[in-house]
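The values are calculated or read from the model by the stated rules, or taken from the named source; none is laboratory data. It should be emphasised that the depicted structure is a prediction, and the values quoted were computed from it without experimental measurement. Heads up, the Cβs are rebuilt from the backbone with ideal geometry, glycines too, and the neighbour counts pull from every protein chain shown.
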Amino acid sequence: MYESIRHELLVMRDELRQSLYRNTASTNPQVRQYIQDDLDDVERALLKLEIGVFGVDESTGAQIPYHKLSALPTARTEEEIIYH
């Protein structure tokens, strides 16, 4: 069901890893931290897919609608999607 989202997350992970590598010598540590935070979010989403809890709102336990997850696959709550 989530194969297209999984593929998108894998692509995002690869791009973020490359970006993190390129910005290793960045003079701005905030840039590196933003990239690392995004990478952590992607890896968390991939782990949730692997263990079968992807799409479950971490605040309410309700299932987040597929179309919303397609828009923001790293979302941990439905509210996060609304305010993103």
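Cβ-Cβ contacts under 9 Å between residues 6 or more apart (or on different chains), taken from a first residue in the stretch 68-83 that is among the polar types (S, T, N, Q) to a second residue that is part of a loop (DSSP other than H, G, I, E, B) and exposed (fewer than 13 other Cβ atoms within 10 Å of the Cβ), are listed as T77/S59; T77/T60. Among the criteria (1) outside any loop (DSSP other than H, G, I, E, B); (2) more than 28 Å from H67 (Cβ to Cβ), the one L47 does not fulfil is (2).
Restricting the stretch 22-45 to residues that are buried (at least 17 other Cβ atoms within 10 Å of the Cβ) and aliphatic (A, V, I, L, M), the residue that is modelled with the lowest pLDDT is I35.
Filtered by the rule that a residue be farther than 22 Å from K68 by Cβ and either under 17 Å from the mean Cα position of the chain (by Cα) or in contact (Cβ under 8 Å) with a residue 24 or more places away in the chain (or both), the stretch 16-30 gives R17, Q18, S19, L20. When the stretch 50-84 is examined, which residues are found to be within 28 Å of Y21 (Cβ to Cβ) and assigned to a loop (DSSP other than H, G, I, E, B)? Answer for the stretch 50-84, where residues must be within 28 Å of Y21 (Cβ to Cβ) and assigned to a loop (DSSP other than H, G, I, E, B): F54, L72, P73, T74, A75, R76, H84. Looking across the stretch 7-21, the residues that are of a type in the set (A, V, I, L, M, F, W, C), surrounded by 14 or more Cβ atoms within 10 Å (Cβ to Cβ) and under 13 Å from T74 (Cα atoms) come down to L9, M12.
For the stretch 71-84, a residue qualifies if it is under 14 Å from Y2 (Cβ atoms) and surrounded by 13 or more Cβ atoms within 10 Å (Cβ to Cβ), and the qualifying residues are L72, P73, T74, A75.
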